[in-house]
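Structure first, then comments.
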Amino acid sequence: MSNGANALIQTLVDAGITTCFTNPGTSEMHFVAALDSAPGVRAVLALFEGVATGAADGYGRMADKPAATLLHLGCGLGNGMANLHNARKGRVPILNIVGDHATHHVPYDAQLQSDIETVARNVSSWVRTSKTTQALSQDAVEAIAACMGPPGQVATLILPADVSWSEGGVPMAPLQLTPPSAADDATVAAIALALQGDGKKAILLGGRALRAPALMAVARIAAKTGAQLFAEVLPTRMERGAGLPPVERLAYMAELASVQLSGLEHLILVDAKAPVSFFAYPGKKSYLVPGGCQLHELASFTQDVNGSLDKLSRAIGADQATPVLQAPKRPGRPRGKFTADKVCKAIGELMPERAIIVDEAITSGLLLTMYTAGAPHHDLLALTGGSIGFGLPNAVGAAIACPDRKVIALTGDGSAMYTIQALWTMARERLDIISIIFNNRSYAVLNVELQRVGASGAGDKARAQLDLKNPPIDFVQLGEGMGVPSLRANTTDEFLVAFEHALRTPGPHLIEAIVPPTLAGLKLRVLPHVLQSLDKLPLPVARALKRAIAP
């Protein structure tokens, strides 16, 4: 027998969990000491809990298995909640191990005592406090099974200090998971009938349906039936690029998404939920499925996506259909005035095969999808839960999960400052990440939202809450101070030089791109009026405007 901490770590290893992102405190010291008993475990220190949880999210997306986090009490878990929220919305498997006071110490209500379970339930589908050392490993294997799903989930195992340090722990083998089932015959038959009938139809893909095997199957179905393919607004992980079926992402702005969905008579969901507006806006609808459109669910979050698509393909005779595939196409080297769009164009022109793009560019990345459509095969990770500060930590986890692939992390200046400590972990672990920070000295997306929500009376005081000019943030100094080679680009040529150097040089790099806001001035003032007019315009005109705003 061993102590609880050693038994827990061996249980994790036996289940294939060999990466742990840590930010420990006193209550976790026995777990920290036990790490040396498991040479196969990679322990990665983060300087802030939001980096640890965001890294676990990125790791889970790319490894298709959970990483563990090690967090200190309820306060530490609370510090990591924003990125756990993103993981929950993305259905990403994560196992949180959260230390707690020893059971006999709890009644004294010490300074760091808190209700950890209540904190955990905000972001976790499974929460348990281990009561004894003997029960700890059983609790752990149940937590791991909950993580794995489907759907992938966040599970939080709370580890009292005395349960960790006491003797009597025995490792346990992982639980045998029941394979998910495919859609039943009746569901497949009804959807096949809808797809083969008249009227406009579309298939909305999310989660596992945006991986290459599922994409090829659904593209054959689309070729056979004429159905349009859409991806959810913010995909957890989307494989795309040359040689893969092109899939149109739904727009972030509800007005634009409504244009995309207009006229549909059937919408089939595959590992996705019905589309809704990101926020509520005065006088605008929240539910975006068009009136009169029939909604079908081929595969829910708990079902076998590939198996369901295979059944549907056979039902409509699409197995031999020729799918439409994206042709290889590079956008060309950017020239002229330096803007965020030129950065996106450079990425599309120069990115290598099998790159991983972590996209938190927000308004600066409006043209990223267009410019990278025909680039070599790559993965795109998006901000699934909308809670900013995900980009840099997510890149850490993706790089650790896929050490042979170049990771390109795009983030804004405001977003980067939420979890800037991730740069230190990149340097410490020598990760092959290019961090591109769009420094437009503004919470630019909020300037857009200020216009869209119709908030009246916004003057200098209001606009100052969205402005980051005073004092200007120097990301080159921040990056260098945390051990990451950093360069500033004020021109298109300077960016190209910096980006090409980072592409050919392994290890972490930071490029601060000094760019103007993409939506500003007249364009920003006109945008709300254009959005409000879309439902009154002829559909071809509305679609042309949609493509101009968000290609």
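The values are calculated or read from the model by the stated rules, or taken from the named source; none is laboratory data. Keep in mind it's a predicted model, so treat the numbers as computed, not measured. Every residue, glycine as well, gets a Cβ built from its backbone with ideal geometry; the counts of neighbours run over all protein chains shown.
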Legend entry - Pick from the stretch 167-200, criterion more than 33 Å from the chain's Cα centre (by Cα) and within 30 Å of Ala7 (Cα to Cα), ranking: surrounded by the most Cβ atoms within 10 Å (Cβ to Cβ): Gly169
Inset, instruction - Evaluate the stretch 226-240: report whether one residue or more is in the same structural domain as Ala299 (by TED's automatic domain parsing), buried (at least 18 other Cβ atoms within 10 Å of the Cβ), of a type in the set (Asp, Glu) and outside any strand (DSSP E or B). - result: yes
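Only one residue in Ile158, Ile144 is within 29 Å of Val270 (Cβ to Cβ), in contact (Cβ under 8 Å) with a residue 60 or more places away in the chain, touching a strand residue (DSSP E or B) at 6+ places or on another chain (Cβ under 9 Å) and not acidic (Asp, Glu). Which one? Show your work before the answer.
Details: Ile158 fails: within 29 Å of Val270 (Cβ to Cβ).
One residue alone meets the criteria, Ile144.
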Inset, instruction - Give the residue, chosen from Ala186, Ala209, Ala194, Ala173, that is under 30 Å from Val141 (Cβ atoms), of a type in the set (Gly, Ala, Ser) and assigned to a helix (DSSP H, G or I). - result: Ala209
Inset, instruction - Could you figure out which of (1) without any contact (Cβ under 8 Å) to a residue 12 or more places away in the chain; (2) within 23 Å of Leu380 (Cβ to Cβ) isn't true of Ala455? - result: (2)
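Considering each of Leu204, Leu157 in turn, give the residue that is farther than 28 Å from Lys273 by Cα and not small (Gly, Ala, Ser).
Values: Leu204 fails: farther than 28 Å from Lys273 by Cα.
It is Leu157.
Residues are listed down the side, and each one gets a yes or a no for (1) closer than 30 Å to Ala280 by Cβ; (2) of a type in the set (S, T, N, Q); (3) crowded, with 23+ Cβ neighbours inside 10 Å; (4) in the same structural domain as Val476 (by TED's automatic domain parsing):
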| site | (1), (2), (3), (4) |
| --- | --- |
| Ala399 | no, no, yes, yes |
| Ala409 | no, no, yes, yes |
| Arg428 | no, no, no, yes |
| Ser435 | no, yes, yes, yes |
| Ser442 | yes, yes, no, yes |
| Arg452 | yes, no, no, yes |
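Table: residues versus (1) within 22 Å of Tyr418 (Cα to Cα); (2) free of Cβ contacts under 8 Å to residues at least 40 places away in the same chain; (3) of a type outside the set (Val, Ile, Thr); (4) touching a Gly at 6+ places or on another chain (Cβ under 7 Å).
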residue: Leu12; (1), (2), (3), (4): no, no, yes, no
residue: Glu28; (1), (2), (3), (4): no, no, yes, yes
residue: Ala43; (1), (2), (3), (4): no, yes, yes, no
residue: Met81; (1), (2), (3), (4): yes, no, yes, no
residue: His85; (1), (2), (3), (4): yes, no, yes, yes
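State whether one or more residues within the stretch 353-362 are of a type in the set (Gly, Ala, Ser), modelled with pLDDT of 95 or more, touching a strand residue (DSSP E or B) at 6+ places or on another chain (Cβ under 7 Å) and not assigned by TED's automatic domain parsing to the domain that holds Leu244. Give the derivation first.
The initial filter retains those residues of the stretch 353-362 that are of a type in the set (Gly, Ala, Ser), namely 355, 361.
Remaining after also requiring modelled with pLDDT of 95 or more: 355, 361.
Now narrow it down to the ones that are touching a strand residue (DSSP E or B) at 6+ places or on another chain (Cβ under 7 Å): 355, 361.
Subsequent filtering for residues that are not assigned by TED's automatic domain parsing to the domain that holds Leu244 retains 355, 361.
The answer is yes; a qualifying residue exists.
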Inset, instruction - Select from the stretch 363-390 the residues that are out of contact with any helix residue (DSSP H, G or I) (no Cβ under 6 Å at 6 or more places or on another chain) and either aromatic (Phe, Trp, Tyr) or free of Cβ contacts under 8 Å to residues at least 40 places away in the same chain (or both) and list them in ascending order. - result: none
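Just checking, which of Leu77, Leu95, Leu35, Leu71 is of a type outside the set (D, E, K, R), assigned to a helix (DSSP H, G or I) and either touching a Ser or Thr at 6+ places or on another chain (Cβ under 8 Å) or buried (at least 24 other Cβ atoms within 10 Å of the Cβ) (or both)? Let's see the steps before the verdict.
Values: Leu95 fails: assigned to a helix (DSSP H, G or I); Leu35 fails: either touching a Ser or Thr at 6+ places or on another chain (Cβ under 8 Å) or buried (at least 24 other Cβ atoms within 10 Å of the Cβ) (or both); Leu71 fails: assigned to a helix (DSSP H, G or I).
Exactly one of Leu77, Leu95, Leu35, Leu71 is of a type outside the set (D, E, K, R), assigned to a helix (DSSP H, G or I) and either touching a Ser or Thr at 6+ places or on another chain (Cβ under 8 Å) or buried (at least 24 other Cβ atoms within 10 Å of the Cβ) (or both), namely Leu77.
Go through the stretch 289-313 and give me each residue that's more than 29 Å from Ser181 (Cβ to Cβ) and in contact (Cβ under 8 Å) with a residue 12 or more places away in the chain.
Our first condition is that a residue be more than 29 Å from Ser181 (Cβ to Cβ); within the stretch 289-313, this holds for 290-292.
Hits for the stretch 289-313 are Pro290, Gly292.
Using the structure shown, decide if Leu383 is more than 29 Å from Arg428 (Cα to Cα), within 19 Å of the chain's Cα centre (by Cα) and aliphatic (A, V, I, L, M). Outline the logic, then answer.
Numbers: more than 29 Å from Arg428 (Cα to Cα): no; within 19 Å of the chain's Cα centre (by Cα): yes; aliphatic (A, V, I, L, M): yes.
The answer is no for Leu383.
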Legend entry - Any chance Ser486 is of a type outside the set (Asp, Glu) and within 23 Å of Ile408 (Cβ to Cβ): yes
Inset, instruction - With respect to Leu545, determine if the residue is modelled with pLDDT under 85, surrounded by 17 or more Cβ atoms within 10 Å (Cβ to Cβ) and among the aliphatic types (A, V, I, L, M). - result: no
Inset, instruction - Output the residues belonging to the stretch 54-104 that are in contact with a His (Cβ under 9 Å, 6 or more places away or on another chain) and within 26 Å of Asp14 (Cβ to Cβ). - result: Val98, Gly99
Legend entry - the stretch 115-156, residues that are assigned to a loop (DSSP other than H, G, I, E, B), more than 22 Å from the chain's Cα centre (by Cα) and surrounded by fewer than 17 Cβ atoms within 10 Å (Cβ to Cβ): Asp115, Lys131, Thr132
Legend entry - Number of positions in the stretch 1-25 that are over 25 Å from the mean Cα position of the chain (by Cα) and modelled with pLDDT of 95 or more: 12
Inset, instruction - Answer yes if at least one residue in the stretch 477-491 is modelled with pLDDT of 95 or more and over 30 Å from Cys402 (Cα atoms), and no otherwise. - result: yes
Legend entry - Selection status of Gly389, crowded, with 23+ Cβ neighbours inside 10 Å, outside any strand (DSSP E or B), on the phi < 0 side of the Ramachandran plot and within 16 Å of the chain's Cα centre (by Cα): no
Legend entry - Top-ranked residue of the stretch 314-362 - restricted to ones that are outside any loop (DSSP other than H, G, I, E, B) and free of Cβ contacts under 8 Å to residues at least 40 places away in the same chain, ranked as nearest to Met253 (Cα to Cα): Cys344
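Which members of the stretch 285-343 meet the condition of being among the aromatic types (Phe, Trp, Tyr) and under 26 Å from the mean Cα position of the chain (by Cα)?
First, the residues of the stretch 285-343 that are among the aromatic types (Phe, Trp, Tyr): 287, 301, 338.
Within the stretch 285-343, Tyr287, Phe301 qualify.
For the stretch 363-374, check the following and say yes or no: at least one residue is among the β-branched types (Val, Ile, Thr) and in a loop (DSSP other than H, G, I, E, B). Can you show your working first?
Pass one, the stretch 363-374, residues among the β-branched types (Val, Ile, Thr): 363, 369, 372.
Within this subset, residues satisfying the condition of being in a loop (DSSP other than H, G, I, E, B) are none.
No, the stretch 363-374 contains no residue that is among the β-branched types (Val, Ile, Thr) and in a loop (DSSP other than H, G, I, E, B).
If you go through the stretch 5-32 one residue at a time, how many are in contact with an Asp or Glu (Cβ under 7 Å, 6 or more places away or on another chain) and outside any strand (DSSP E or B)? Full working, then the answer.
Initially, the stretch 5-32 is screened for residues in contact with an Asp or Glu (Cβ under 7 Å, 6 or more places away or on another chain), giving 23, 27.
If we keep only those that are outside any strand (DSSP E or B) too, we end up with 27.
Qualifying residue count for the region: 1.
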